[in-house]
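Beneath this line is the structure, given in structure tokens, with notes to follow.
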């Protein structure tokens with residue numbers, strides 16, 4: 001019996017499998033390198049990006065959401081909605097739009113490193129909504145321009 005063709009096919013399959021493993025590892029390394037830089041831009045330790053669960057805690061601090069979101073991110077099916085929401089808040093914290101959020105969800109290998117290594121600056125939790133007045137163009141300040149709480153203190157003249 002001649003097994004050369006079978007062993008050649010098995011060797012080719014092993015080579016393809018090994019190539020797929022190396023390619024997957026490369027994708028993971030590029031995404032985590034981008035997350036590392038995102039964390040550093042936000043003033044957090046970069047190494048926190050590679051620690052499971054703790055990276056979610058730090059990410060919630062970056063976007064300004066409460067820690068109860070950890071529970072929501074661990075519940076099956078609910079976590080998908082909250083993860084998309086978290087990506088949206090992350091992109092807004094760096095001054096990006098919802099289009100960038102779609103890119104981060106569909107092509108994280110491209111958009112996460114672009115956010116980390118690009119020229120985007122960290123503006124604070126959900127900075128885009130605060131600057132643009134939210135989705136309806138409304139200012140969050142109920143006092144408008146006459147805000148009595150946002151004026152420097154004055155001392156009475158004696």
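Read the figures in this text as sums done on the coordinates, not as results from a lab. These figures come from a predicted structure and were not determined experimentally. Quick reminder, even Gly has a Cβ in these numbers, built from the backbone with ideal geometry, and neighbours come from all protein chains shown.
When you work out D = kT/(6 pi eta Rh) for region 4-142 at 10 °C and 1.306 mPa s, using the Kirkwood radius from C-alpha pairs as Rh and the Stokes-Einstein form, the result is 95 µm²/s.
Approximating the spin labels as points 7 Å out from Cα along Cα→Cβ, the residue 109-to-residue 75 distance works out to 3.3 nm. Rounded to the nearest 0.05, what FRET efficiency do residue 102 and residue 18 have when you use their Cβ-Cβ distance and R0 = 35 Å? The pair residue 102/residue 18 has a calculated efficiency of 0.60.
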